[in-house]
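**Student:** Here it is, the structure in full.
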Amino acid sequence: MKIASTVARYLLGIIFTVFGLNGFLHFIHQPPPASPLALQYMTVMVVSHYFAFVFLVQLVAGILLLVNRFVPLALALLAPVVVNILLFHGLMDPAGLPLGVLAAILWVLVFLSVRGAFSGLFRSTPLSPVA
């Protein structure tokens, strides 16, 4: 499992570093979505500069995964990004869904290797404060 999570961490890091950089440098041509709804969504995200923040988060989290530092933080940053990728492609532009599913699977594999860092999130009651 350790090898699988390491490979998953590197792949996830590469994916989000490349796509985060692509958001700023535009070296991978991406045609506009075929769906009018998806095109409208993308237009709003680009014109509002919301994507600049998303690409920055992807880039930072991808680099953190590649250098194996603050991996739980990188996963916490990428979780909403992965969910939005799945929702966007699942509901508006199904052509990109396979890459979104791959990213989600890789995210889960990396999460399983550091799940102890998230153990406090899954408690039903808070820990009592230390006096």
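Each value in this text was obtained by applying a stated rule to the coordinates, not by laboratory testing. None of the values given here were measured: they were computed from a predicted structure. A quick note on method: Cβ atoms are made from the backbone with ideal geometry, for glycine too, and the neighbour counts reach across all protein chains shown.
**Student:** Mind jotting down the distance between the C-alpha centroids of segment 12-55 and segment 61-131, whole Å?
**Tutor:** Using only Cα atoms to place each centre, the spacing works out to 19 Å.
**Student:** Obtain the nm distance between the two label points defined at residue 29 and residue 43 by a simple spin-label model: each point lies 7 Å from its Cα along the Cα-to-C-beta direction.
**Tutor:** 2.2
**Student:** Order of 54-63, 119-128, 26-35, 89-98 by packing, highest average Cβ count within 10 Å first?
**Tutor:** 54-63, 89-98, 26-35, 119-128
**Student:** Taking the Cα atoms of the chain, report the difference between the largest and smallest coordinate on each principal axis, in whole Å and largest first.
**Tutor:** Projected onto its principal axes, the Cα set of the chain covers 55, 32, 23 Å.
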